[in-house]
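Below is one structure, written out as structure tokens, with a few remarks after it.
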């Protein structure tokens, strides 16, 4: 499965949009992009996922480039409670070799500042 | 309430003393997985299971065993723990391969 690359850290002002990038240049056509976040040492929390179309839910928006080699998670109005580590991973939805594997990299530590 | 439950939350043990960390989900999920988290190394997958009696190795399976005799339970077994297995462990489950993962609250293991 494809590996992902994220910047180690980012800052964002409270109330502004936080844009977190992720590179997944080796992504395959059937691999989905997932975003999770982890606050302190709690279990990671699901945010959003997508295949090739942009997605939006109550938490965030996901923009996937046309070639699918990168994506951006957007938190439209960041709050102090959004300070967390954000992980971007890819998952294969069908049964093939390594389909069940999923590894989270180091993610991006987002710090929202007052 | 739909959840993934891990026990215990904290465990301190000595080298070589067999231990089991339990993981249970009440959502009828097919897929379950164990991860360990160490500073600077993200979450690394230990083992995963696509369904009952189907398990496979993740990226760091050495020193660990798992079983999936029932759909809801996926225990992690350390037959002979060593200090390098001191870590924060997470269990996760998802309905299918292409479904969001639900994580437990973690088990912090210290092996002395």
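Every residue, every condition in (1) under 24 Å from residue B:105 (Cα atoms); (2) within 12 Å of chain B (Cβ to nearest Cβ); (3) without any contact (Cβ under 8 Å) to a residue 40 or more places away in the chain; (4) assigned to a loop (DSSP other than H, G, I, E, B), yes or no:
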position: A:52; (1), (2), (3), (4): no, no, yes, yes
position: A:74; (1), (2), (3), (4): no, no, no, no
position: A:77; (1), (2), (3), (4): no, no, no, yes
position: A:102; (1), (2), (3), (4): yes, yes, no, yes
position: A:109; (1), (2), (3), (4): yes, yes, no, no
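Among the residues that make up segment A:91-108, is at least one of them modelled with pLDDT of 95 or more and touching a strand residue (DSSP E or B) at 6+ places or on another chain (Cβ under 7 Å)? Break it down stepwise before answering.
Of the residues in segment A:91-108, the ones modelled with pLDDT of 95 or more are A:108.
Narrowing the set further to residues that are touching a strand residue (DSSP E or B) at 6+ places or on another chain (Cβ under 7 Å) leaves A:108.
Yes, segment A:91-108 has at least one match.
Which condition number in (1) touching a strand residue (DSSP E or B) at 6+ places or on another chain (Cβ under 7 Å); (2) surrounded by fewer than 19 Cβ atoms within 10 Å (Cβ to Cβ); (3) under 28 Å from residue A:107 (Cα atoms) is the one that residue B:45 fails?
(2)
Restrict the check to segment B:13-28 and report whether at least one residue is in contact with a strand residue (DSSP E or B) (Cβ under 6 Å, 6 or more places away or on another chain), under 23 Å from residue A:45 (Cα atoms), more than 11 Å from chain A (Cβ to nearest Cβ) and surrounded by fewer than 17 Cβ atoms within 10 Å (Cβ to Cβ).
Yes, there is a match, as at least one residue in segment B:13-28 is in contact with a strand residue (DSSP E or B) (Cβ under 6 Å, 6 or more places away or on another chain), under 23 Å from residue A:45 (Cα atoms), more than 11 Å from chain A (Cβ to nearest Cβ) and surrounded by fewer than 17 Cβ atoms within 10 Å (Cβ to Cβ).
Which condition does residue B:98 not pass, out of (1) free of Cβ contacts under 8 Å to residues at least 12 places away in the same chain; (2) on the phi > 0 side of the Ramachandran plot; (3) buried (at least 17 other Cβ atoms within 10 Å of the Cβ), if it passes all the others?
(2)
Where residues in segment B:37-52 are under 11 Å from residue A:103 (Cβ atoms) and not in a strand (DSSP E or B), which of them is nearest to the other protein chains (Cβ to nearest Cβ)?
Per the criteria, the residue is B:42.
Among the residues of segment A:54-72, how many are part of a loop (DSSP other than H, G, I, E, B) and under 29 Å from residue B:88 (Cβ atoms)? Before the answer, list the steps.
Here is the first cut: in segment A:54-72, the residues part of a loop (DSSP other than H, G, I, E, B) are A:54, A:57-60, A:65-69.
Within this subset, residues satisfying the condition of being under 29 Å from residue B:88 (Cβ atoms) are A:57-60.
Residues flagged as part of a loop (DSSP other than H, G, I, E, B) and under 29 Å from residue B:88 (Cβ atoms) within segment A:54-72 amount to 4.
Quick check on my filter: what residues within segment B:55-86 are assigned to a strand (DSSP E or B) and either facing another protein chain (nearest Cβ under 8 Å) or on the phi > 0 side of the Ramachandran plot (or both)? Full working, then the answer.
So in segment B:55-86, the residues assigned to a strand (DSSP E or B) come out as B:55-57, B:65-66, B:73, B:76-78.
Across segment B:55-86, the qualifying residue is only B:56.
From A:38, A:6, A:45, which residue is under 20 Å from residue B:45 (Cα atoms), under 13 Å from the mean Cα position of the chain (by Cα) and without any contact (Cβ under 8 Å) to a residue 40 or more places away in the chain? Walk me through how you get there before you give the answer.
Working: A:38 fails: without any contact (Cβ under 8 Å) to a residue 40 or more places away in the chain; A:6 fails: without any contact (Cβ under 8 Å) to a residue 40 or more places away in the chain.
On inspection, the qualifying residue turns out to be A:45.
The values are calculated or read from the model by the stated rules, or taken from the named source; none is laboratory data. Source: prediction; values computed, not measured. Every residue, glycine among them, receives a Cβ derived from its backbone with ideal geometry; neighbour counts consider all protein chains shown.
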